[in-house]
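Data block below; observations after.
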Amino acid sequence: MNNSILRLMHPVRSKRLLPVLFAAFLSLVLAACNNPQPTTSDANNANASSANITSGAGGEVTIYVSTDRVFSEPILREYERKTGVRVSAVYDTEETKSTGLANKLLAEKNRPQADVFWSNEPVRTLVLKKNGVLAPYDSPNAEGIPAIFQDPENYWTGFSARSRVIVYNTNLVKPEDAPKSIFDLTDPKWKGQAAIADPRFGSTSFHVAALYAELGDERADEFFRKLKANDVKIAPGNSVVRDMVARGEVKVGLTDTDDVNVALEDKQPVAMVFPDHDGIGVPVMPNMVSLIANAPHPEAGKRLINYLLSPEVERSLAQSEAVQIPLHAGVEGPKNIPALASFKPMTLDYGKAADRVEDVTRRLQLILGL
Amino acid sequence: MVASNRTVKGNALQLGSALPSSRTIILVVAGASFVLVCVVPILYMLGVSFISADGLFTFENYRLLLLDARQRELLGRSTLLGVGTALLATAIGAPLGLLLARADLPLKRMLRILLVIPLVVPPYVLALSWILVTGSTGFLASLIGGSFLSAWTYSLTGAILVLGTCLYPLSMLATEAAARRVNGRLEEAALLVASPRRVLWRITLPLIAPTVAAAALIIFVLALAEFGVPGLLRVRVFTTEVFTAFSALYDFGAGVALAVPLLAVALIVGIIAKLITGERLLAARRNLHPGLILRLGRWRAVVLGLLAIILTVTVILPLVTLAVEAGKPERITSALRSSGDAIHNSLSLAAIGATLIVVLAAFLGYARARSGARLRGLVDLLFITIFAVPSTVVGVGLIGLWNRSGLLGAIYTSQAIIVVAYLARFVPIAALMLAASVRQIPVSVEEAAEVGGASWWRTFTRIVLPQMRAGLISAWVVSFIFCFGELGATLLVAPPGESTLPVRVYTIIANTPSSEVAALALLQASVVLVPLVILGLFLRGNATKASGA
């Protein structure tokens with residue numbers, strides 16, 4: 001009996017597992033071919049799409065979006081419909097539920113897949129700028145947006161803004177008793193009855209960094225120590241803060257305008273206050289759009305940026321449930337939110353505030369016992 | 001095997017053995033795939049953690065690790081959360097698995113499907129449903145008029161209860177598969193001289209203990225890795241530190257360094273579990289003997305009552321709460337209508353992923369079972385440690401390795417990378433689950449087959465795999481559920497365009513009211529249940545055969 005021949009033959013004979021393996025391998029390959037990396041150079045694509053833009057066909061662009069998908073997806077679909085450019089998007093989850101897109105962009109830095117990054121708050125954009133992920137681009141549509149919302153070096157441009165607000169439960173708190181300043185939250189009246197989102201993440205991390213930049217370390221530390229002593233509840237995200245207030249688990253909280261508006265549209269018993277009108281003002285957080293350095297389709301990316309910075313997009317974001325405040329003068333604002341001119345935005349250098357994030361995160365871990 | 005290195009000219013037999021055997025080739029390929037997909041991304045990230053911004057070697061990320069009391073306290077709490085969850089889930093799941101395998105219970109198939117439900121609902125959403133029930137303004141509080149449970153809800157105990165009730169199905173499935181494999185003849189022989197209770201404690205339980213322990217270890221690691229549920233219940237855990245390093249500080253090196261204590265905890269708990277359960281193992285031939293049947297007799301009412309309580313508390317109450325919260329059925333139908341592509345992607349990617357995982361894990365489990373005892377122990381610990389690596393670390397590592405030009409890049413920019421991520425995350429646990437199945441198959445059957453002239457491949461596919469059947473099916477089901485629900489790594493590697501259902505759900509729920517979150521969670525749970533029910537029906541005949549009924 002020749003052993004070696006048998007050994008060579010039997011694998012052919014046993015037909016059970018091989019097809020499975022083969023099918024699995026084939027499906028992998030098919031999946032790989034499904035969505036091939038564009039190999040044509042961008043210049044060709046760009047020329048083709050600019051030539052075709054009027055005929056409404058051609059080209060593609062990839063955007064990573066951290067603005068809530070329910071708000072951003074319709075805008076991108078509209079752009080597709082208008083231009084015929086195929087927009088491939090990656091959306092982010094709420095910051096506290098998973099590690100988001102900024103990490104993907106950082107990890108992909110050596111071989112970028114995205115053309116544009118659309119952020120819903122300043123911190124991540126500025127982190128990416130610092131890490132060399134972004135490229136400068138001065139969009140013609142940035143004109144008319146106040147200078148404070150634009151990067152002097154053109155690595156980002158702000159548009160449609162949200163604001164931090166105090167949210168309160170209207171069944172439990174009368175409007176006249178609602179806190180008018182974030183510093184009121186340290187009042188014993190709100191002991192155990194106030195919630196904020198984890199200040200290490202998302203727009204709350206921007207808010208606390210802005211407070212440190214504005215107040216200085218000593219006063220800011222003091223404020224957070226008092227908050228802690230007042231048994232402030234730390235929720236994993238701004239939407240959770242809103243839900244806790246709406247359910248009446250706590251009476252007041254700090255969150256974002258769009259979060260409150262979603263509850264208002266859902267007829268929940270909440271209302272919002274733009275705090276510190278007579279004091280330091282309230283941090284305003286623009287969306288920020290940036291071009292990615294070494295993007296696969298830079299020209300298509302620039303055109304998409306132009307669109308996002310148009311008054312038209314600001315208008316639809318204002319009219320959507322996102323209730324974002326337009327930054328172009330003359331664009332009609334959202335119905336539940338006062339116009340930019342009527343409340344007091346904190347005077348902010350976004351770069352300076354963002355620089356504080358790391359240090360402030362470490363401080364608050366200790367002060368708030370996170 | 002050693003013969004292949006000899007350069008002996010001689011007869012045909014020796015020439016034959018100079019070629020590597022199909023066994024060697026296949027096991028080496030399986031081992032290499034495992035290293036490439038599961039180990040290299042982690043090594044890559046470890047490398048990142050030792051390199052400074054200037055590209056030089058640095059120990060900076062590890063310098064301050066665990067030096068402050070705060071971090072040590074967090075790590076202690078994480079460990080408590082893991083151990084508590086593993087114990088609770090095993091206390092619920094293992095008896096259930098034993099009952100499903102051995103007791104004379106009615107409607108077992110339906111029970112099994114119902115009891116798997118907590119595993120397919122995202123834990124975060126289950127925690128949310130518990131807040132809606134037991135929170136200070138929850139359903140119970142409004143029913144009773146007081147909020148005596150709310151302090152409990154927002155506590156470590158609450159987190160353990162939520163995670164324990166999410167994860168017990170894992171222990172149940174593993175225990176059932178193991179109990180089915182125990183050789184009925186042993187038990188029958190013992191029953192001649194001993195009471196059923198004694199047989200259960202002295203024969204059956206010791207034989208299934210390693211599998212129960214392996215499942216408990218997997219549950220421990222899953223609870224350790226969880227930060228969504230503790231975050232919602234305001235329990236500070238160490239895992240959030242890793243997450244903070246990535247998501248707040250954008251410092252990959254620090255993130256990896258912070259994951260190391262978690263790996264160490266998993267390793268230590270793994271070693272302790274090994275020491276406790278030991279290697280009580282008896283080879284079993286294909287199980288044709290029913291063995292010990294647990295006749296419930298007068299305990300029947302008690303067991304059924306307990307089952308009813310478990311079903312009510314862990315399945316019906318959360319589902320009803322979510323359904324009430326979701327409100328109108330239009331919410332679910334509208335969620336369903338727009339999620340077609342995501343559902344299709346999720347089901348096909350999870351099916352491909354689970355199949356590849358089980359194929360690879362079957363070979364790895366075989367290699368591990370047939371290696372020396374000491375090596376076996378080390379491999380188990382390697383599997384559990386790899387599984388403990390946070391999904392973010394795996395995701396970033398995969399991007400670093402696969403986002404290149406050529407074939408790797410072609411895979412990275414396609415949905416195939418999601419399957420790669422599934423493999424990277426879940427091959428180790430499937431291998432851990434399958435290793436026990438192989439070990440119970442006596443080497444003697446393979447030797448007999450070889451003497452009879454069968455090749456190893458033929459022996460493996462015709463003798464070894466059929467005997468692993470129950471284990472393969474439960475490993476596939478668990479892998480499918482895990483792949484389907486994977487979020488952490490998928491979110492990082494998924495290419496632009498519509499991705500998987502959990503990614504869709506999580507990108508949508510950011511700002512939506514909890515009613516829509518509930519609707520989407522119910523949708524996600526039902527989508528993953530449908531194929532499992534179909535599979536259950538399809539396997540009906542075999543399952544009854546295997547249980548010896």
Is it fair to say A:Gly333 is touching a strand residue (DSSP E or B) at 6+ places or on another chain (Cβ under 8 Å), surrounded by fewer than 24 Cβ atoms within 10 Å (Cβ to Cβ) and over 19 Å from A:Ser66 (Cα atoms)? yes
Only one of (1) under 21 Å from the mean Cα position of the chain (by Cα); (2) of a type outside the set (Asp, Glu); (3) more than 12 Å from chain A (Cβ to nearest Cβ) is not met by B:Leu205, so which one is it? (1)
Does segment B:352-380 hold any residues that are of a type in the set (Gly, Ala, Ser) and either modelled with pLDDT under 90 or surrounded by fewer than 19 Cβ atoms within 10 Å (Cβ to Cβ) (or both), and which are they? B:Gly365, B:Ala367, B:Ala369, B:Ser371, B:Gly372, B:Ala373, B:Gly377
Residues (closer than 15 Å to A:Met285 by Cα and charged (D, E, K, R)) located in segment A:162-176: A:Arg162, A:Arg164
If B:Trp152 satisfies every condition in (1) closer than 29 Å to B:Gly536 by Cβ; (2) touching a helix residue (DSSP H, G or I) at 6+ places or on another chain (Cβ under 7 Å) but one, which is the exception? (1)
Does A:Pro275 satisfy being buried (at least 23 other Cβ atoms within 10 Å of the Cβ) and assigned by TED's automatic domain parsing to the domain that holds A:Ala210? yes
Any chance segment B:377-394 includes a residue that's free of Cβ contacts under 8 Å to residues at least 40 places away in the same chain and farther than 30 Å from B:Phe238 by Cα? no
Selection from segment B:219-245 of residues touching a Phe, Trp or Tyr at 6+ places or on another chain (Cβ under 7 Å) and in contact (Cβ under 8 Å) with a residue 60 or more places away in the chain yields B:Val221, B:Gly228, B:Val229, B:Leu232, B:Leu233, B:Arg234, B:Val237, B:Thr239, B:Thr240, B:Phe243
Flagged pairs (Cβ under 8 angstrom, 6 or more apart or on separate chains; first in segment B:182-206, at negative phi; second of a type in the set (Ser, Thr, Tyr) and surrounded by fewer than 15 Cβ atoms within 10 Å (Cβ to Cβ)) are none
Taking segment B:434-476, which residues are closer than 17 Å to B:Val212 by Cα, more than 14 Å from chain A (Cβ to nearest Cβ) and not β-branched (Val, Ile, Thr)? B:Leu434, B:Ala435, B:Ala436, B:Ser437, B:Arg439, B:Gln440, B:Ala470, B:Gly471, B:Ser474, B:Ala475
If we scan segment B:71-82, do we find a residue that is within 19 Å of the chain's Cα centre (by Cα) and either over 21 Å from B:Ile429 (Cβ atoms) or not hydroxyl-bearing (Ser, Thr, Tyr) (or both)? yes
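Which residue out of B:Ser142, B:Ser136, B:Ser78, B:Ser129 is among the hydroxyl-bearing types (Ser, Thr, Tyr) and not in a helix (DSSP H, G or I)?
Result: B:Ser136 is the single residue among B:Ser142, B:Ser136, B:Ser78, B:Ser129 that is among the hydroxyl-bearing types (Ser, Thr, Tyr) and not in a helix (DSSP H, G or I).
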Which one of these does B:Pro496 not meet: (1) free of Cβ contacts under 8 Å to residues at least 12 places away in the same chain; (2) more than 13 Å from chain A (Cβ to nearest Cβ)? (2)
If we keep just the residues of segment B:505-549 that are more than 26 Å from the chain's Cα centre (by Cα), among the polar types (S, T, N, Q) and assigned to a helix (DSSP H, G or I), which is modelled with the lowest pLDDT? B:Ser514
Need the failing condition index for A:Arg225 against (1) more than 21 Å from A:His207 (Cβ to Cβ); (2) assigned to a helix (DSSP H, G or I); (3) away from chain B (no Cβ under 14 Å), just the number. (1)
Inter-residue pairs, beta-carbon under 7 Å, first under 28 Å from A:Glu121 (Cα atoms) and in segment A:163-174, second polar (S, T, N, Q) and not in a strand (DSSP E or B), 6+ apart: A:Ser163/A:Thr257; A:Arg164/A:Ser203; A:Val165/A:Thr257
Where in segment A:231-347 are the strands (runs of 3 or more DSSP E), entirely inside, with at least 1 residues that are more than 12 Å from chain B (Cβ to nearest Cβ)? A:252-256, A:270-273, A:284-292
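The values are calculated or read from the model by the stated rules, or taken from the named source; none is laboratory data. Keep in mind it's a predicted model, so treat the numbers as computed, not measured. FYI the Cβ positions are ideal-geometry reconstructions off the backbone, even for glycines, and counts take in every protein chain you see.
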